[in-house]
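The values are calculated or read from the model by the stated rules, or taken from the named source; none is laboratory data. Computed from a predicted model, the values in this text were never measured in an experiment. Counting neighbours? That spans all protein chains shown, and the Cβs are built from the backbone with ideal geometry, glycine included.
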Amino acid sequence: MQTTPFGTTTVPVSRLGFGSMGLRGPRTWGIRSVDENQAERVLNAVLDAGINLLDTAPDYGLAEERIGRYLRHRRSQFLLATKCGCDPLQHADHLEVRHTWTADVLRRNLETSLRRLQTDCIDILQFHGGDARTLQQAGLIDLLQSFRQQGKIRWLGISSALPHLPDLLQLAVFDAVQVPWSCLAPQHSDCIIQAAAQGCGLIIRGGIAQGGPDAEIQRPQLNDIWQQAALDDLLPPATSRAQFILRCTLSNPLHHSVIVGTASLQHLAENVAAVAAGPLPAEILQQVTLRVAAVLAQPAPAAYS
Ligand SMILES: NC(=O)c1ccc[n+]([C@@H]2O[C@H](COP(=O)([O-])OP(=O)(O)OC[C@H]3O[C@@H](n4cnc5c(N)ncnc54)[C@H](OP(=O)(O)O)[C@@H]3O)[C@@H](O)[C@H]2O)c1
């Protein structure tokens, strides 16, 4: 597995990371629930493949607990990123994701995450959203700094998106920034450049565009962009559409680690092979960028607006 220095931390991070949201279990949301056996198999296969960055959150049902239960004995082999500001509410049949920006919630998140993950230090503690003004006024950035001084976390992170990200980056306090990006949804390209200029470690989510047009769980809006941009024309031989999308994301060296979620050992192997295949040729990348930009410049169909 290829690694790269994770921003100014300089710690080697695998280009392919793992997003654990899909391991959230029953009574959460979505149409698919991964059982304990499958969670154990996938998590261990992830480390066996050389992936050394795992992303999770208190909002992801059983995911933190499962990482602790199945990977505790391998804790030295990976960087652990979780989140704070999370105030989820478990209903009888589903989990309601809520965010509350208070010191009490952050302290509770930290304690709960350390216990569930069966570790004494979280490598990256990310604000799960929030805006610069709220986080500053509530003293939450100082609180995260105090967690670091106590040795309970190593680095401060933010997992965010537009419109809040540019102002959050202006604070210049984050070691790690998690941003959505794929060739089918490139709207955060400028934020990524801004974060990289500060030396942040960049974690990319959505970097396989939820599996692309062949995914089990279909995303019609992303599929439409693929079709309208006629990206099938650009597919190299023996490359799946998901691999193509992932290779586009990995072709940008600013994207230190792309946290892909999967519950499938076969997809994990495909994704590892995509890293090994390396960046796509520059002329293909340029075509993808131009074609997708042309599609996105069109007015949105009424159904999406
Ligand atoms: N605000 C936030 O902080 C935030 C929000 C969203 C996500 N995240 C993080 O980012 C991670 C990834 O995000 P995401 O789940 O939205 O996006 P993603 O990684 O782009 O998509 C995951 C989906 O892609 C499918 N997939 C993976 N590899 C595939 C392959 N080779 N072929 C076909 N399908 C494939 C998976 O299905 P299979 O299981 O069938 O492979 C899964 O349904 C999450 O797990 C979470 O850690 C953070």
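Yes or no: ILE245 within 11 Å of the ligand (Cβ to nearest atom), closer than 26 Å to THR3 by Cα and touching a residue at least 40 places away in the same chain (Cβ under 8 Å)? Here the answer is yes, as ILE245 does meet what is asked. The single condition among (1) at pLDDT below 95; (2) under 14 Å from PHE18 (Cα atoms); (3) in contact with a Pro (Cβ under 8 Å, 6 or more places away or on another chain) that ASN223 does not satisfy is (2).
For the range 12-37, a tally of residues being buried (at least 16 other Cβ atoms within 10 Å of the Cβ) and either in a loop (DSSP other than H, G, I, E, B) or within 13 Å of the ligand (Cβ to nearest atom) (or both) returns 14. When PHE127 is tested against (1) in a helix (DSSP H, G or I); (2) touching a Ser or Thr at 6+ places or on another chain (Cβ under 8 Å), only condition (1) is not met. Checking SER146, SER160 one by one, the residue that is over 24 Å from THR4 (Cβ atoms) and either touching a strand residue (DSSP E or B) at 6+ places or on another chain (Cβ under 8 Å) or surrounded by fewer than 18 Cβ atoms within 10 Å (Cβ to Cβ) (or both) is SER146 and no other. When the range 154-178 is filtered for residues that are of a type outside the set (S, T, N, Q) and in contact with a Gly (Cβ under 9 Å, 6 or more places away or on another chain), the ones remaining, listed by number, are TRP155, GLY157, ILE158, ALA161, HIS164, LEU168, PHE174, ASP175, ALA176, VAL177. Within the range 249-280, how many residues are more than 12 Å from the ligand (Cβ to nearest atom) and in a helix (DSSP H, G or I)? Qualifying residue count, the range 249-280: 3.
Just so you know, in the range 85-107 the residues that are among the hydrophobic types (A, V, I, L, M, F, W, C) and away from the ligand (no atom under 11 Å from the Cβ) include one that is farthest from the chain's Cα centre (by Cα), and it is ALA92.
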